[in-house]
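Asker: Sharing a structure below in structure tokens format, with a few things to ask.
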Amino acid sequence: MKSIFLKSTAILLLITFSSCQNSEKNKENTEVLNLEKSALDSLTEKAKERLEKVPQGMRNSDLFSTEILKPTQLFDNVYYIGYMGVGVFLINTTDGLILIDSMWNQNDAETVIVPGIKELGFDPAQVKKILITHEHSDHYGGARFFEKNYGSEVLMSKTAWEGLHSNDAEVLTDPFGNLSSELEVPKQYTEVKNGENISLGDKSITVYLTPGHAPGGLSLLFSVEEQGEKHTVALWGGTGLPKTLEANQNYLNSLNMFQDAANKAQADVNLSNHPFNIGLVKDMETLRSNATGDKNPLIKGNENLNQYFNTNLKPKVLEKIQELKSEIEKNN
């Protein structure tokens, strides 16, 4: 009887002790959750404050749209992944994958680009090269994620690389309230030079240094395939106009040079890393609904490309140059 009593007492003590332990653990878990919630609330508030400082026109523009578009095959070997506002082009080669740009930040890389690559049937670990068009965070922000997790080689111009590390670099705010100065940038890079061919497997991209939109800007020409036929893509590296007279004059010079190169290559496809700029969103909708053998809406011809340069891009930069010259004359 005494033995049963002792056993019962021991069990009761063990249950009591276990309950106390669970109670303490639950208390600790609650405290941790409260701290995490407090930290998240603080970050949310900070992001809200930062975004309120961004001009309303930009906040409400398509550039800040984070609507995820369905990953879409554009040509036999080229795909789009990303937001309505900005995204990446994925190129499949016989020796792995090339990414053109990497979106705003590492979270974009992890939650948008990687799932998009998988949805298209590819392995993100096969991203061998990431080619960055310029040193604005909506294009380089996710590069460190691929470098760190998959050993991807990051390529950009020397000026762009130096711009990432400059104390005078333009600090941008992304749609989530993060500052570009807080981003983890790639640890190393491979410099690309004007007219150089970046190759992987059976594909290559010709890069042109086109300072203007950003000092380290690149524009690209590369071949694509559509139902066995080859076409040439021209990708102008940055459409937004800079602030200074010198930068806008550089923009115009770069544009003229790249247009000549695109015409020599008989480029007949116009792409932009900001899909809202050139009607790419609508064209992708058409592509997704196309039946086999239907015309690819992206193949618009060399004349259409020149029309884009001559009636969309050039008049705007010429007008900006004139405005800045007038301001300088007025101040003098």
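The values are calculated or read from the model by the stated rules, or taken from the named source; none is laboratory data. Please read all numbers here as calculations on a predicted model, not as lab measurements. Virtual Cβ from ideal backbone geometry, glycine too; neighbours counted across all protein chains shown. Calculation scope for accessible area: heavy atoms of the full protein, side chains included, ligands and nucleic acids excluded. Shrake-Rupley method; radii C 1.70, N 1.55, O 1.52, S 1.80 Å.
Asker: Could you give each residue of the stretch 171-181 its phi-based ³J(HN,Hα) in whole Hz, using Karplus coefficients 6.51, -1.76, 1.60 with θ = phi - 60°, and x for Gly or Pro?
Answerer: 8, 9, 10, 7, x, 9, x, 7, 8, 4, 5
Asker: Which of N60, Y308, L324 sits closest to the plus end of the dipole of the chain, meaning its Cα is farthest towards the positive end, when Lys and Arg get +1 and Asp and Glu get -1 on the C-beta?
Answerer: So the residue furthest toward the plus end is N60.
Asker: Of the cross-linked pairs K48/K148; K46/K330; K128/K230; K230/K314, which ones have a Cα-Cα span greater than 31 Å in the structure shown? Before the final figure, lay out the partial values.
Answerer: Working: K48/K148 29 Å; K46/K330 40 Å; K128/K230 24 Å; K230/K314 28 Å.
Those over the limit are K46/K330.
Asker: Could you give each residue of the stretch 67-73 its phi-based ³J(HN,Hα) in whole Hz, using Karplus coefficients 6.51, -1.76, 1.60 with θ = phi - 60°, and x for Gly or Pro?
Answerer: Karplus values, whole Hz, x for Gly and Pro: 5, 7, 8, 5, x, 9, 7.
Asker: Another question about this same structure. Could you do me a favour and compute the accessible area per residue for the stretch 44-193, 1.4 Å probe, result in Å²? Before the final figure, lay out the partial values.
Answerer: Numbers: 6460 Å² over 150 residues.
For the stretch 44-193, the solvent-accessible area averages 43 Å² per residue.
Asker: Within 10 Å of each candidate Cβ there may be at most 14 other Cβ atoms; applying that plus a DSSP loop requirement, which GluC sites (Glu not before Pro) in the stretch 56-161 survive?
Answerer: Details: sites: E67, E110, E119, E135, E147, E153; in loops: E67, E135.
Listed in order of number, the matching sites are E67.
Asker: Sort 178-184, 49-55 by the packing proxy (mean of other Cβ within 10 Å over each peptide's residues), most packed first.
Answerer: Order by mean packing, descending: 178-184, 49-55.
Asker: Each residue of the stretch 273-288 in order: what ³J(HN,Hα) in whole Hz does its phi give by Karplus 6.51 cos²θ - 1.76 cosθ + 1.60, θ = phi - 60°, with x for Gly and Pro?
Answerer: 6, 10, x, 5, 5, 10, x, 5, 4, 5, 4, 5, 4, 4, 4, 5
Asker: Same structure again: Kindly provide the trypsin sites (Lys or Arg not before Pro) of the stretch 251-321 that DSSP labels as loop, not H, G, I, E or B, and whose Cβ sees at most 12 other Cβ atoms within 10 Å.
Answerer: Sparse-neighbourhood loop trypsin sites (Lys or Arg not before Pro): K295.
Asker: Still on this structure, please answer the following. Check which residues have an amide H placed less than 5 Å from T210's amide H, if you skip close sequence neighbours.
Answerer: Hits under the 5 Å cutoff: G217, L218, S219.
Asker: What distance in nm separates the two pseudo spin-label positions at N107 and I68, each 7 Å out from Cα along the beta-carbon direction?
Answerer: According to this spin-label approximation, the distance is 1.3 nm.
Asker: Given points 7 Å out from each Cα along the Cα-Cβ axis, report the Q307 to K48 separation in nanometres with one decimal.
Answerer: Those two pseudo-labels are separated by 4.7 nm.
Asker: Carbon and sulfur atoms: what percent of the 1.4 Å accessible area of the stretch 239-281 do they account for?
Answerer: On the way: 860 of 1770 Å².
Percent of accessible area from carbon and sulfur atoms in the stretch 239-281: 49.
Asker: Please compute the Kirkwood hydrodynamic radius over the stretch 65-213, one decimal place, Å, based on all pairs of different Cα atoms. Write out the running numbers ahead of the final one.
Answerer: Working: mean 1/r = 0.0652 Å⁻¹.
About 15.3 Å for the stretch 65-213.
Asker: Another question about this same structure. Quick one: length gained pulling F176 to M58 fully straight, 0.36 nm per residue minus the C-alpha distance? Kindly include the intermediate steps, with their values, before the conclusion.
Answerer: Numbers: separation 118, 0.36 × 118 = 42.48 nm, distance 1.32 nm.
Taking 0.36 nm per residue and subtracting the Cα distance, the gain is 41.2 nm.
Asker: Going 7 Å from the Cα of N253 along its beta-carbon direction, which residues of the stretch 184-204 have the amide nitrogen within less than 19 Å of the resulting point?
Answerer: It comes to 193-196, nothing else.
Asker: Please give me the summed charge of the neighbours of K158: other residues whose Cβ is under 9 Å from its Cβ, Lys and Arg +1, Asp and Glu -1.
Answerer: Working: positive: K193; negative: E162, E191.
The answer is -1.
Asker: Also, quick follow-up: Take the Cα of N331, step 7 Å along the line toward its Cβ, and report every residue of the stretch 231-274 whose backbone nitrogen sits under 17 Å from that point.
Answerer: Once the point is set 7 Å along Cα→Cβ of N331, 242-249 turn out to lie under 17 Å by backbone N, inside the stretch 231-274.
Asker: What residues from the stretch 202-238 fall in the zone where the backbone N is under 16 Å from a label point 7 Å along the Cα-to-C-beta line of T190?
Answerer: Under cut-off, by backbone N: 202-208.
Asker: Given +1 on the Cβ of Lys and Arg, -1 on the Cβ of Asp and Glu, and no further charges, what dipole in debye does the stretch 214-273 carry about its Cα centre, rounded to the nearest 20? Let's see the in-between values first.
Answerer: Values: 3 positive and 6 negative charges, 48 e Å.
That gives a dipole near 240 debye.
Asker: A further question follows. Quote to one decimal, in nm, the extra length available between D202 and K243 on full extension: 0.36 nm per residue of separation minus the C-alpha distance between them. Present the calculation step by step, with values, prior to reporting the outcome.
Answerer: Working: separation 41, 0.36 × 41 = 14.76 nm, distance 3.98 nm.
10.8 nm is the gain from fully extending D202 to K243.
Asker: Starting from the Cα gyration tensor of the chain, multiply each eigenvalue by 5, take the square root, and state the resulting semi-axes largest first in whole Å. Can you show the working numbers first?
Answerer: Values: eigenvalues 463, 141, 65 Å².
Each semi-axis is √(5λ); the values are 48, 27, 18 Å.
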